[in-house]
Amino acid sequence: MVAVSPVKAVGFDLDETLFDHRGAADAGADAFAAHLGVDDASAFRAAWSAAEETEFERWRRGEISFAEQRRRRLVRVLRVFGLDVPADAAGLDAMFDRYLAMYRTHWRAFPEALEVLAALRRAELRIGVLTNGAEVQQKEKLSIIGLADAVDIVCTSEGIGVQKPDARAFDALAERLGVVPGECLFVGDNPLHDVEGARSAGMRALRIARDAPAPNDLTAVLDAAGVLR
C-alpha cells in the first residue's frame, strides 16, 4: 500500500469557491439592465452571463486581451437588446466601468469562508489562492470581502503567466506554499480547471458544487484536510 502524505497546505480557487461571483454578477447585471432601460432583467442577466462565459474563456485561451473580453461582452449584449453601442474602445470601457461599479457593490465572501480559513490556520496549514484572473481585480476582491489576511499567498494567472488547468499553475502554487504537490489539497468549483487540473499536478482535489443534486460547501474542506471541527 502506498503511503499518503498528510495535507500540509490547502489551495483555493476564488470565484464561486471563496467569493460569490455569480451572486454579485447577477445583482450587478440587474442594476445595469435598469440603468440601460431594459425591462426584462431576467433575459438581460442570462445574456450577460452567457457573454461573460464565452468571452472570458477566449481570454483564458490567450486569444484576446482582458480589456477586449470585457468590450466584446458588452457589445454582444447591447446588440441583443438593440441598444446603442459606443463607437470606440474608450466609450465601451467607460460603459463597462458602470457595470463594474454595480458588480463591485455586491462583492461578498460565501458565509462559511472565513470560518473555514480560520480553522485551517489554527491547524497550522498553509493557505493559498490560485485563480484565473487579472492580478489587481482578484487581489482587490480578497481585500474587499475580508479574506486577504486569511490566506498566505495569492497566485493569479496573470501574475504567474499560466492558466488552470495547466499543471504548471498548480506547481507554482505548491512552490509558493512551500510544499510538494502531494502535500496540497486543492479546492474549487470547476471540475476541469480545478479538480482535473490539480490532480494532473499530483494534488488531491475537492470540488465545491453548491448547485449539484448533492451540494456541499467549504466546510467539507475540513474533513478532506483532516482538520477537527
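Derivation of every value follows stated rules applied to the coordinates shown; laboratory data play no part. Just so we're clear, the structure is a prediction, and the values are computed from it rather than from any experiment. Here the Cβ positions follow ideal geometry from the backbone for every residue, glycine too, while neighbour counts run over all protein chains shown.
Remarks
- Taking one quarter of the surface of the convex hull spanned by the alpha-carbon atoms of the chain gives a direction-averaged projected area of 13.2 nm².
- Rounded to the nearest 20 debye, dipole of the stretch 22-105 from Cβ charges on Lys, Arg, Asp, Glu: 220
- Counted by neighbouring Cβ atoms within 10 Å, the residues Ser5, Ser157, Ser49 run from fewest to most as Ser5, Ser49, Ser157.
- Residue exposure proxy: Asp88, Asp217, ordered by other Cβ atoms within 10 angstrom of their Cβ from fewest to most, comes out as Asp88, Asp217.
- Using a simple spin-label model with pseudo-atoms 7 Å out from Cα toward Cβ, Ala224 and Ile64 lie 3.2 nm apart.
- Exposure proxy shown here: for Thr17, Thr156, the number of other Cβ atoms within 10 Å sets the order, fewest to most, as Thr156, Thr17.
- Where GluC sites (Glu not before Pro) in DSSP loops with at most 16 other Cβ within 10 Å are excluded, longest remaining stretch of the chain: 125-229
- Extreme residue, positive dipole direction of the stretch 149-190, given options Ile160, Ala150, Cys184 (C-beta unit charges): Ile160
- FRET efficiency, 1/(1 + (r/R0)^6) with R0 25 Å, evaluated for Glu112 and Ala50 via beta carbons: 0.30
- Charging the Cβ of each Asp and Glu at -1 and of each Lys and Arg at +1, and nothing else, the dipole of the chain about its Cα centre rounds to 300 debye.
- Neighbourhood net charge (15 Å Cβ-Cβ; Lys/Arg +1, Asp/Glu -1) for Lys8: +1
- Take the Cα of His35, step 7 Å toward its Cβ, do the same at Asp88, and the gap between the two points is 2.1 nm.
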